[in-house]
Amino acid sequence: MHIFITGASGFIGQRLMIALLAEGHQIVACVRQPTKWQPRFPEVQWIQGDYTKDHDPQRWLPRLSNIEVVINAVGIIQETKAQRFEDLHTRAPIALFQAAQQVGIQKILQISALGADEQAQSQYHLSKRAADEALLALAVDAVIFQPSIVIGRGSDSTRLFSGLAAWPWIPLVESGTQRLQPIHIDDLVACVSALLRHWPSGQLRVPLVGAPSLTFLELLLVLREWLNFPAEVVGDKSKSVHYLPIPLPIMTGLAKITDHLGVGWLTTENLGMLRRGNCGDPTLVTTLTGVKPRTIQASLRSTPATTGDRWQARLFFLRPCLRWSIGLLWLFTGIISAWLYPVANSYELLAATGITGILAPLMLYLAATLDMWLGIAMLLCAQLVKS
């Protein structure tokens, strides 16, 4: 099949693209920077597209020539100044779906999200649901997959939860009893592959969930076991990992602060989605595709954690702190050198290296300026990485 994939540079989209290539499909991948990806996957036809701007069906029509199936796998979990839910989850997908219908494409797969339903309250879920409803209103054979939390090496959720699981004191929202049904990325890919082999007629909305459900705390303990971090001290009954239940008012207050600052993963919306839970009926996807999603324990055993996974988990929350501390160190070093440290002492230090005369003040303030620019660049880098 000739398959058009959006979001092919993302976690889900890239895994889908690799699997479908292995099955012999012809892939057209739409990303913002096709030249970046062409050398890595030369067998893919890469085209440029920008979900923040491509909100008119006319922008999509030329890209859909000879396409049989459209798969939309674009998604963000948190907004930034450059990427908004309405643009990426609603306006651009709707334009894509309308263009696909205009050129006669009958098979469209929307990778939505579990919770994008009548009870949706978060902007993340509402923006996904708006595109889902628009797709269901078209006269095409549409399938909407609604995955729960997707677990797998490289996913943002896996990195975050692994970072939490690596702490000796695991922080929990209240007592960590929120119920989840995460699905492994390999099972998600298997469901899509099976769907392409036997595409149903009509329109379907299908939750993609693992079985059985587990609590947030249980998920963190599963990931801790996967990372091979000890749960108990050998020969001692006392546990080396403890739980730190955080009362909801405190978590809500922290979320509002991070909302205002625009930093971090703890936001009011994410907290609300976690408290709501994320569960569905796993029999629906098995009936449709024949794929029975595995338990997270079983799926993680198929991809054992590496030393790199363990280091990444340990440094997940420390890394941004280190980046900010290094940036501030360079910045204040420059400020102190230029204005606070005695100039005469600075000149003495420079003279010891052979720098005297008119070169001394030039080198002093040039070095101080360079220190400050390095600090600013490091802090800006921290902001770009966050975004």
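The values are calculated or read from the model by the stated rules, or taken from the named source; none is laboratory data. Small disclaimer: the values here were computed from a predicted structure and weren't measured. When we count neighbours, we look across all protein chains shown, and the Cβ atoms used for this are built from the backbone with ideal geometry, even at glycine.
For the subset of segment 183-207 comprising residues that are surrounded by fewer than 18 Cβ atoms within 10 Å (Cβ to Cβ) and of a type in the set (Gly, Ala, Ser), which member is nearest to the chain's Cα centre (by Cα)?
Restricting to residues being surrounded by fewer than 18 Cβ atoms within 10 Å (Cβ to Cβ) and of a type in the set (Gly, Ala, Ser), the top hit is Ser193.
Step by step: first the residues of segment 328-363, then only those that are among the aliphatic types (A, V, I, L, M) and within 44 Å of the chain's Cα centre (by Cα), then the one that is nearest to Val263 (Cα to Cα). Which residue is that? Show your work before the answer.
Going residue by residue through segment 328-363, those that are among the aliphatic types (A, V, I, L, M) are 328-329, 331, 335-336, 338, 340, 343-344, 349-352, 355, 358-360, 362-363.
Checking the rest, the ones that are also within 44 Å of the chain's Cα centre (by Cα) come to 328-329, 331, 335-336, 338, 340.
Numbers: Leu328: 17, Leu329: 21, Leu331: 21, Ile335: 26, Ile336: 28, Ala338: 31, Leu340: 32 Å.
Looking at the filtered set, the residue picked out is Leu328.
Report yes if Gly104 is farther than 28 Å from Tyr243 by Cβ and either at pLDDT 95 or above or surrounded by fewer than 23 Cβ atoms within 10 Å (Cβ to Cβ) (or both), otherwise no. First the steps, then the outcome.
Details: farther than 28 Å from Tyr243 by Cβ: yes; either at pLDDT 95 or above or surrounded by fewer than 23 Cβ atoms within 10 Å (Cβ to Cβ) (or both): yes.
When the stated conditions are applied, Gly104 passes them.
Look at segment 367-382 and say how many of its residues are under 20 Å from Trp339 (Cβ atoms), in contact with a helix residue (DSSP H, G or I) (Cβ under 7 Å, 6 or more places away or on another chain) and hydrophobic (A, V, I, L, M, F, W, C). Quick ask: steps written out before the conclusion?
Of the residues in segment 367-382, the ones under 20 Å from Trp339 (Cβ atoms) are 367-376, 379.
Now drop any that are not in contact with a helix residue (DSSP H, G or I) (Cβ under 7 Å, 6 or more places away or on another chain), which leaves 367-369, 371-372, 374-376, 379.
Checking the rest, the ones that are also hydrophobic (A, V, I, L, M, F, W, C) come to 367-368, 372, 374, 376, 379.
Matching residues across segment 367-382 total 6.
One residue is enough: does segment 68-82 have a residue meeting the conditions crowded, with 17+ Cβ neighbours inside 10 Å, touching a residue at least 24 places away in the same chain (Cβ under 8 Å) and of a type in the set (Gly, Ala, Ser)?
Yes: one or more hits.
When you scan segment 142-159, how many residues do you find that are closer than 19 Å to Gly272 by Cα and assigned to a loop (DSSP other than H, G, I, E, B)?
Number of matching residues: 2.
I want to confirm something. Restricting to segment 337-361 and keeping residues that are aromatic (Phe, Trp, Tyr) and surrounded by 12 or more Cβ atoms within 10 Å (Cβ to Cβ), which single residue is farthest from Trp373 (Cα to Cα)? Before you say what the answer is, go through the steps one by one.
Of the residues in segment 337-361, the ones aromatic (Phe, Trp, Tyr) are 339, 341, 347.
Right, trim to surrounded by 12 or more Cβ atoms within 10 Å (Cβ to Cβ) and you get 341, 347.
On the way: Tyr341: 18, Tyr347: 22 Å.
Ranking the candidates gives Tyr347 first.
Being of a type in the set (Gly, Ala, Ser) and surrounded by fewer than 20 Cβ atoms within 10 Å (Cβ to Cβ) is the filter here; which residues of segment 107-120 pass it?
Going residue by residue through segment 107-120, those that are of a type in the set (Gly, Ala, Ser) are 112-113, 115-116, 120.
Within segment 107-120, Ala120 is the sole residue that qualifies.
Pairs please, first residue from segment 20-40 and free of Cβ contacts under 8 Å to residues at least 60 places away in the same chain, second anywhere and outside any loop (DSSP other than H, G, I, E, B) and of a type in the set (Ser, Thr, Tyr), Cβ atoms under 6 Å, 6+ apart in sequence or on different chains.
As it stands, the answer is Cys30/Thr6, since those pairs meet every condition given.
So in segment 168-182, with the set limited to residues that are surrounded by 16 or more Cβ atoms within 10 Å (Cβ to Cβ) and in contact with a helix residue (DSSP H, G or I) (Cβ under 8 Å, 6 or more places away or on another chain), which one is farthest from Gly115 (Cα to Cα)?
Keep residues of segment 168-182 that are surrounded by 16 or more Cβ atoms within 10 Å (Cβ to Cβ), which gives 170, 172-173, 176, 178, 180-182.
Filter once more, keeping what is in contact with a helix residue (DSSP H, G or I) (Cβ under 8 Å, 6 or more places away or on another chain): 170, 172-173, 176, 178, 180, 182.
Numbers: Ile170: 26, Leu172: 22, Val173: 19, Gly176: 19, Gln178: 14, Leu180: 11, Pro182: 13 Å.
So, considering only residues that are surrounded by 16 or more Cβ atoms within 10 Å (Cβ to Cβ) and in contact with a helix residue (DSSP H, G or I) (Cβ under 8 Å, 6 or more places away or on another chain), the one farthest from Gly115 (Cα to Cα) is Ile170.
Restricting attention to segment 208-230, and to residues there that are in a helix (DSSP H, G or I) and aromatic (Phe, Trp, Tyr), which single residue is nearest to the chain's Cα centre (by Cα)?
In the first step, residues of segment 208-230 are kept if they are in a helix (DSSP H, G or I); the result is 216-226.
Pick out the ones that are also aromatic (Phe, Trp, Tyr) and you get 216, 226.
Numbers: Phe216: 18, Trp226: 20 Å.
Within segment 208-230, the match that is nearest to the chain's Cα centre (by Cα) is Phe216.
Inside segment 90-141, can you point out the residues that are in contact with a Pro (Cβ under 9 Å, 6 or more places away or on another chain), not in a helix (DSSP H, G or I) and not hydroxyl-bearing (Ser, Thr, Tyr)?
Gln110, Ile111, Ala113, Leu114, Asp141
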